[in-house]
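What follows is a set of notes on a single structure, which appears directly below.
The values are calculated or read from the model by the stated rules, or taken from the named source; none is laboratory data. Keep in mind that this is a model prediction, so the values were computed, not measured. Backbone-built Cβ (ideal geometry, glycine too); neighbour counts: all protein chains shown. Note: accessible area is taken over every heavy atom of the protein model, side chains too, but ligands, DNA and RNA are not part of it. Shrake-Rupley method; radii C 1.70, N 1.55, O 1.52, S 1.80 Å.
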Amino acid sequence: MISCSKISPGSFWTNFRNPEMISTEINNGPYGGTTEIHWKGKTEITRGEVVQFAEMNGWKFVRKPDSGLSFSNQILERRFGKMENKSIQYFKSDLLTIDEDQGLETQINGFAIITSQNHQLIIYHHWGDF
């Protein structure tokens, strides 16, 4: 039971630049869940800073995001629509996202979206049933 070993997957992000966090929504149940956190930085939020924090907490940065990410992009686009002109970092978590109807699964289900001239960050993590 994955959900028993991870009370709130992705919640480690609440420790990232805590004073600049503007909203947090963590909704996890026995069959899946989401974590969505928004920041508005007083200084630039860099890709390197985000990747380093994620990797220190068990997420693995996907260095070649163009290969094999169609299901991962579906997860992201279901929540945010088309993500054109956004800086997106893809991460592999230790949890699966599954679409049983389509026979799809991925562990690349953690996303960092840096927007607004590198001063805003959205972390989105979706795991379990799609």
State which residue is surrounded by the most Cβ atoms within 10 Å (Cβ to Cβ) when the search covers only the stretch 76-97 and only residues that are more than 18 Å from T115 (Cβ to Cβ) and touching an Asp or Glu at 6+ places or on another chain (Cβ under 9 Å).
T97
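If you check Q52 against the conditions, is it surrounded by fewer than 17 Cβ atoms within 10 Å (Cβ to Cβ), modelled with pLDDT of 95 or more, assigned to a helix (DSSP H, G or I) and among the polar types (S, T, N, Q)? Lay out the reasoning, then the answer.
Working: surrounded by fewer than 17 Cβ atoms within 10 Å (Cβ to Cβ): yes; modelled with pLDDT of 95 or more: yes; assigned to a helix (DSSP H, G or I): yes; among the polar types (S, T, N, Q): yes.
Yes: the conditions hold for Q52.
I'd like to know if the stretch 63-70 contains one or more residues that are of a type in the set (G, A, S), part of a loop (DSSP other than H, G, I, E, B) and open to solvent by 20 Å² or more (accessible area, probe 1.4 Å).
Filtering the stretch 63-70 down to residues of a type in the set (G, A, S) leaves 67-68, 70.
Subset that is part of a loop (DSSP other than H, G, I, E, B): 67-68.
Of the ones still in play, those that are also open to solvent by 20 Å² or more (accessible area, probe 1.4 Å) are 67-68.
So far as the stretch 63-70 goes, yes, one or more of its residues are of a type in the set (G, A, S), part of a loop (DSSP other than H, G, I, E, B) and open to solvent by 20 Å² or more (accessible area, probe 1.4 Å).
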It is to be established whether one or more residues within the stretch 114-130 are among the hydrophobic types (A, V, I, L, M, F, W, C), within 19 Å of N28 (Cβ to Cβ) and modelled with pLDDT under 95.
yes
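The rows are residues; the columns are (1) in a strand (DSSP E or B); (2) within 20 Å of G10 (Cα to Cα).
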position	(1), (2)
S72	no, yes
I75	no, yes
E84	no, no
Y90	yes, yes
S93	yes, yes
L96	yes, yes
Q107	yes, yes
Q117	no, no
W127	yes, yes
